[in-house]
Each structure stands twice: as C-alpha cells, then as structure tokens.
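First up is the structure itself, then whatever we jot down about it.
The values are calculated or read from the model by the stated rules, or taken from the named source; none is laboratory data. Treat the numbers as computed from the prediction; the structure is a model and nothing was measured. So basically every Cβ, Gly included, is an ideal-geometry build from the backbone, and we count neighbours across all protein chains shown. What goes into the accessible areas is simple: the full protein's heavy atoms, side chains included, and nothing from ligands, DNA or RNA. Shrake-Rupley method; radii C 1.70, N 1.55, O 1.52, S 1.80 Å.
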Amino acid sequence: FQKHEFFVDMTCEGCSNAVTRVLHRLGGVQFDIDLPNKKVCIDSEHNVNTLLETLKKTGKNASYLGEKSAQ
C-alpha cells in the first residue's frame with residue numbers, strides 16, 4: 001500500500017476521534033493520527049481523492065501533503 005500524509009485541522013481528542021470514525025467507516029485503511037502536528041498518515045489502497053473526501057466528512061479543513069516513503 002501507499003502511505004499518504006494529510007493535514008487535518010484537529011484541535012482536540014474529539015477531532016481525532018471524528019477522523020478515526022470516518023476512516024473506520026471507509027474501511028481498508030491503517031492510519032496514525034499525529035494530533036499536535038495536525039497530521040494523519042494513512043496506509044491504504046484507496047486513492048487520494050477518496051481519502052481526502054472522507055477526511056473532509058469530519059467538517060475539518062483537510063488537505064493532502066504527499067506520499068510518505070516507506071522507511
């Protein structure tokens with residue numbers, strides 16, 4: 001899978017929980033949420049547009065930062 005990094009304007013646990021909810025609903029994703037830096041790193045076969053639309057369902061400002069190379 002490709003690792004994608006997104007910016008999501010999260011300010012609290014509630015925000016990150018909302019992100020967790022929408023991503024679980026989408027399914028087929030593994031992700032890490034970095035709340036202090038407002039980043040969500042997603043491992044998925046879904047395309048970037050699908051992931052971005054899903055993140056926007058939280059009502060938060062979200063944008064695509066780019067691919068993250070596998071370490």
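Observations, loosely collected:
- Condition check for Thr58: hydroxyl-bearing (Ser, Thr, Tyr), open to solvent by less than 80 Å² (accessible area, probe 1.4 Å) and at pLDDT 95 or above: yes
- Restricting Ser69, Ser16 to residues that are among the hydroxyl-bearing types (Ser, Thr, Tyr), exposed (fewer than 12 other Cβ atoms within 10 Å of the Cβ) and out of contact with any Phe, Trp or Tyr (no Cβ under 9 Å at 6 or more places or on another chain) narrows the list to Ser69.
- Any chance Val40 is touching a Ser or Thr at 6+ places or on another chain (Cβ under 8 Å) and either free of Cβ contacts under 8 Å to residues at least 40 places away in the same chain or loosely packed, with under 13 Cβ neighbours inside 10 Å (or both): no
- Residue check for Thr11: surrounded by 14 or more Cβ atoms within 10 Å (Cβ to Cβ) and β-branched (Val, Ile, Thr): no
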